[in-house]
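Below you'll find the structure, written out as structure tokens, and then a few comments.
The values are calculated or read from the model by the stated rules, or taken from the named source; none is laboratory data. All values reported here derive from a predicted model rather than from experimental measurement. Don't worry about glycine lacking a Cβ; one is built from the backbone with ideal geometry, like all the others, and counts go over all protein chains shown. Note: areas computed on protein heavy atoms with side chains; ligands, DNA, RNA excluded. Shrake-Rupley method; radii C 1.70, N 1.55, O 1.52, S 1.80 Å.
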Amino acid sequence: MTSTSTGPLGDVVLELNEVTIHDDLADNELVHGVSFTLRRGGVVGIVGESGSGKSLTCRAVLGLLPQHIEVSGGTIELLGHNAAALTPKQWTGLRGTSISAVFQDPASYLNPSIRVGKQVQEVLRVKKGQSRAEARRGTLELFEAVHLRDPEAVYRQYPHELSGGMLQRVLIASAIALEPDVLIADEATTALDVTVQAEILDLLASLRARTGLALIVVSHDLAVVAQLCDEVLVMKDGAVLEQGATRDILYAPQHEYSRLLIAEHEQYGLERYLDSPAALPELREEELDYA
Amino acid sequence: MIKTVLKLPSARIALVMLAFIAFITVFGPLLAPYDPLENTAQNLAAPSAAHWFGTDYLGRDVLSRILAGAPLSVASTVLVAGIALVVGAIPGILSVYATAVFEWISLRVVDTFIALPFLVFAVAMTALLGNGMVQAMIAVGLLVSPLFYRVARSATLSVARSQYVEAAVLAGATTGWIVRTHVWSKVLPPIAISLATTLGVGLVVISSLQFLGIGVQPPTPTWGGILASDLGYLPQQPYAPLFPTALILVTVLAFNLLADAIRDAAGESGRSLVGAKAAKANRARRLAASGYSLTPSKEHA
Amino acid sequence: MTASAAVSVRGIATGAIPRTGGGAGHRVRRVLLSIARPISIFVPVFFLGTFFTFLLGALSGRSPAALQLGDAATPEAVAALNQQFGLDRPFFVQYADWLGQLFRGSFGNSWANGVPVATLLGDRAVVSLSVAGLALVIGVIFGFLFGVLAAQFHTRWIDRAITTGTTVFSVLPPFVVGIALIAVFAVGLRWLPAVGFVPIQLGFWPWFSHLILPAVALSFDTVSDVARQLRTGLVSAYRENYVTGAQVRGLGPQRIFFGHVLRNGVGPALSVLGLKFPALLGGAVLIESIFGLSGYGTFAAQSAVTGDVPSVQAVLVISIVLVVVFNLIVNVAHNRLIPSASRGV
Amino acid sequence: MPEITETGERAPALAVAGLNVDFGRGRSRKRVIDEVSFEIAPGEAVGVIGETGSGKSTIARSVLGLVRPAAGSSVRVAGREVTGLSARELRAHRRTGLVQYVFQDPQRSLDQDLTVGHSVAEPLLLQGVLGRAEIRDAVRREFEEVQLDPALAGRFPAELSGGQRQRVAIARALITKPRLLILDEPVSALDSANRVKILELLARLRSSQVALLFISHDLGSVAGVTERTLVLYRGQLVESGATAQIVNAPEHPYTRLLVGSAPTLSAGSIDRVRRNELRDELHPAG
């Protein structure tokens, strides 16, 4: 699953061209030009710390920027639509069916007062016009697909009764319910235990392989992104510092900050002890340069 | 904190209004041009140079009655708020630190106070216990105290559960130390807000009791009492209630403004409202400068 | 440990087990808990409230003798009367006796004329409940209307107008509102009667027209408080992540508002409604006095001034029971709408 | 029989023996820590890793006296038994500052209304031994120790960055010259740049006499700082050993799953099939 070799990539589903994002309240630019192209079945990773503009970029792609914050330049093209020209109604039509997202802290993205099954079922009912019984069956199948055991029991639970890993599965189920073309995973595994994080990442990888879902994976952890992505953007303070194939960034980082992200793992992480020199021969030499 | 409050224009306006009310309260009886109890002219006279606010149904000078009634109306309000503060805030803070039994009992007593039909109980209590202003103040003070209890308790609770208090406990701090070092500064702003609000509410309640003739004997001038007598002569003098009403409203409004100012200074709300105009201007300027024009209508955020 | 370990076999692999178990037993427990919690609060409130009420009578030092016999009372006559009313017994015996009486639905006899208090209250309660009930209805309808409008047009001029309006109205004392309404609609425009009450048996409009002004005057406070709380609740609910979640799932604005935001944002407004009910009952005293209604508020005030303790106690007990019942309803509604809020606390 | 205990400098910084902790009462009683025993030598850095709810924070809270362990448990800090102390004794023990604790989120563990200098000084103020000037000097020294500009002491937490705030929290913990420093997820709330700096700072602390107990769900950050690691799984200590050995040759299935799940830059992490096998091994039968 860590393979960066995926089959032949399909047509372009999302294209960002020099997108800038502006905060009208503070009157400053928050994101200074992000460009990337996402093809069907492709994965783009964005790495950066909080405030780097990675989440804002995702929000812009979803058409859900906070009040007073707007796309001020560049273009976002989602499945042939120019995002800037979309009306709120068109956005509502696109979200869920063409593009969807999951976030950090899954509990807060579900309504605390409604049973989780009902919230997923609602999507199928409203957007696909399914009957209650059909939607319920569909929801249970989705729960099965995201490897929730005992979907019937989960269906009846309130969000506060489920663990973080299960909630994230529920959210993923609701996000893929309408078989969107693009799924954004914005720090989707950050709050989870490492073992659960691995399961969710495995799930995303298998969804991509099975359905041709295109992914945008956002994380502060380069290693998480490296596991899934073909292309990586390294962002800091609203600017893209470095962009390219994952392999290039890992083995030949150009920017100081990318080196810091790598050093975090090599000097103060697991890599320090992992004696698998065969896996990364070049890395050992490069290490000397970062110090 | 106080400096921040004073920087707000609304707080300054409130303080000017309160200074005016305080002045009337202290010097009102001395300034009254006539004896508030004496029949000085014809009944129900219209406002004139001699009687600025006119006269009432017994020919008494209304201005003099309003000025003379100020201490009984305003000072008793201050005392009501004071009683409520002491009776409410101290158990409120203690309920977090004292035994579970005290906590349970105090919570239930407060629930009961809240459930009691406020004005009926205040009237009953005042009248049954001797129908004096002191009884009225104690009754109203007790019945308003739950506000302070709740505010003090919730502020203390949120502090008590905080990590910095746990850090202090781990450094060997006693409860007293925690209250002095960490709790006070968090509990004072919400209490100040409640105090300002209560001063406004208290005046309304005290005036209401006076309106009903509870707690005062008839000839004594009070703002509420003046209103009650005005009610009977509305067809003759429809403007008469305006004078005492204006004073009551100014006082209540000033206290509410002050409460809001403290709330803003404590830094919780209002920023996005203030900023909306600036944001609009910034956006217009940016769009004009860049020539980049798009009109994506925004969804409700 | 053992039970949950058994259930959570493979839990780590597939994240399957609901943490709280499941099934019918669980649901029954949840329902029981949602009823038990409010009861555990309101039963003590009822007993404490009645206790305070009785204590007030005892502390007042008033006696039927002072009321019926006047200054000319001989000590023997006073003692006889006290014995007749049971006032010569210890405090707690009297209290227990009085409570027992209450549970049998009796409020005792008036000290002023010996008539059962229940009889005296009967007609007056109709007046008061009509006014308070109508005020409650007005408060809920307009409070929700304004609150929803303000939240929907957050930071726009409608919001600002409503916010300013409700702030001003909440500051206006009820007697000022009452006087102003009479001055404008009764004295000035002559649209509605200024004072008095007509039973509904004499026709709906005569009854209703006499109620409108007092009920409106009484409702001002409720309207503005409900509107403000609802606005705050809705605005903060709109900021919650689950709204973003629903948007991302492709749900439209209407569905998000009615299905998700309203449900969670209504909490503070419901709580304030529970708190407002005692104020509505209490405000009746003032409103009845302004509008010349002979309701239980004026009855309580008169009885208190003359020292007719059983009558005052009866009014207070009825109010407490109404408040407790109303709050129980509000509480259950709250728990049904926002089940997550009922855990903890 | 007189008990012979090592005290002072040579005693283990922390000796936990047969620690049991139960939560709840009656039928809902649940054992959350089950027979945990370990020692930390003076100056040694030991990591505790485990998933949410594995009991790692409960161990820390037992050591700190915030949780009462079951009877028969023993927790010795610098040779002194701390279970069963009365409230007064516990407060006196805490004032010595032999054990200190650093929270996950410095934003919440510092009082927003106190200057950070005041927060750092609080443990010394509570001891009440030193005078004002001496405390001020100590605060300045401690700021330098954690590589913070002493001029920042007059600022409020809101005026500092997340990394600076965590340094302040560490300075507050170090000011009493503790023998044992417990860190509960000290870098989880920080971004990469600050994470590296705090880990650097902790690695440097190892050369001093203070022993570290580093609690985290993230094997990666623990591995960078500690020489020994304990693996906690559902309240039990399932594996312990040199960190290098845990990472390279994990034995217990859970440890293997943990190592295999940790995101690494190298392609060397085990694949999904292996992970699923391990899960089945960990929880045999469905």
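Some observations on this one:
- Only one of B:Val87, B:Val80, B:Val101 that is in a helix (DSSP H, G or I) and open to solvent by less than 40 Å² (accessible area, probe 1.4 Å): B:Val80
- Matching entry among C:Phe46, C:Phe42 (being modelled with pLDDT of 85 or more and under 30 Å from C:Ile338 (Cα atoms)): C:Phe46
- From the options D:Val222, D:Val187, D:Val168, residue that is open to solvent by less than 10 Å² (accessible area, probe 1.4 Å), within 12 Å of chain A (Cβ to nearest Cβ) and out of contact with any Gly (no Cβ under 6 Å at 6 or more places or on another chain): D:Val187
- Remark: A:Leu241 matches the filter, which requires a residue to be modelled with pLDDT of 90 or more and in contact with a Phe, Trp or Tyr (Cβ under 6 Å, 6 or more places away or on another chain).
- Boolean, B:Thr198 is over 18 Å from B:Val140 (Cβ atoms), open to solvent by less than 20 Å² (accessible area, probe 1.4 Å) and either part of a helix (DSSP H, G or I) or not hydroxyl-bearing (Ser, Thr, Tyr) (or both): no
Table: residues versus (1) among the aliphatic types (A, V, I, L, M); (2) free of Cβ contacts under 8 Å to residues at least 24 places away in the same chain; (3) open to solvent by less than 30 Å² (accessible area, probe 1.4 Å).
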site	(1), (2), (3)
A:Leu16	yes, no, yes
A:Lys54	no, no, yes
A:Ala60	yes, no, yes
A:Glu77	no, no, no
A:Ile114	yes, no, yes
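- Residue within the stretch A:96-104 that is within 30 Å of C:His334 (Cα to Cα), open to solvent by 10 Å² or more (accessible area, probe 1.4 Å), touching a residue at least 40 places away in the same chain (Cβ under 8 Å) and out of contact with any Phe, Trp or Tyr (no Cβ under 6 Å at 6 or more places or on another chain) present: yes
- Some residue of the stretch A:210-219 being in a helix (DSSP H, G or I) and either more than 13 Å from chain D (Cβ to nearest Cβ) or modelled with pLDDT under 90 (or both): yes
- Any pair with Cβ under 6 angstrom, 6 or more apart, that starts in the stretch C:314-326 at a residue that is open to solvent by less than 10 Å² (accessible area, probe 1.4 Å) and modelled with pLDDT of 85 or more and ends at one that is of a type in the set (A, V, I, L, M, F, W, C) and outside any helix (DSSP H, G or I): C:Ala314/C:Phe107
- Taking the criterion of being open to solvent by less than 70 Å² (accessible area, probe 1.4 Å), in contact (Cβ under 8 Å) with a residue 12 or more places away in the chain and not in a loop (DSSP other than H, G, I, E, B), the residues of the stretch D:74-95 that qualify are D:Ser74, D:Val75, D:Arg76, D:Val77, D:Leu90, D:His93, D:Arg94.
- Put simply, of B:Ala167, B:Ala122 the only residue that is part of a helix (DSSP H, G or I), touching a helix residue (DSSP H, G or I) at 6+ places or on another chain (Cβ under 8 Å) and open to solvent by less than 10 Å² (accessible area, probe 1.4 Å) is B:Ala122.
- The set of residues from the stretch A:52-85 being within 10 Å of another protein chain (Cβ to nearest Cβ), part of a strand (DSSP E or B) and under 24 Å from A:Ala188 (Cβ atoms) comprises A:Ile69, A:Val71.
- Residues of the stretch A:92-103 satisfying the condition of being assigned to a helix (DSSP H, G or I) and under 19 Å from A:Val12 (Cα atoms): A:Leu94
- In the stretch C:190-204, the count of residues that are of a type in the set (D, E, K, R) and either within 14 Å of chain A (Cβ to nearest Cβ) or surrounded by 16 or more Cβ atoms within 10 Å (Cβ to Cβ) (or both) is zero.
- Looking only at the stretch B:117-144, residues that are within 22 Å of C:Phe42 (Cβ to Cβ), in contact with a Gly (Cβ under 6 Å, 6 or more places away or on another chain) and not β-branched (Val, Ile, Thr) come to 3 in all.
- Residues in the stretch A:247-273 that are more than 10 Å from chain D (Cβ to nearest Cβ) and either open to solvent by 40 Å² or more (accessible area, probe 1.4 Å) or among the hydroxyl-bearing types (Ser, Thr, Tyr) (or both): A:Asp248, A:Ala252, A:Gln254, A:His255, A:Glu256, A:Ser258, A:Arg259.
- Residue tally, condition of a type in the set (A, V, I, L, M, F, W, C) and over 20 Å from A:Val12 (Cα atoms), over the stretch A:78-91: 0
- Scanning the stretch D:49-73 for residues that are in a loop (DSSP other than H, G, I, E, B), among the charged types (D, E, K, R) and more than 14 Å from chain A (Cβ to nearest Cβ) yields one hit, D:Arg68.
- D:Arg68 vs. criteria open to solvent by 60 Å² or more (accessible area, probe 1.4 Å) and not small (Gly, Ala, Ser): yes
- Boolean, B:Ser145 is hydroxyl-bearing (Ser, Thr, Tyr) and closer than 30 Å to C:Val309 by Cα: yes
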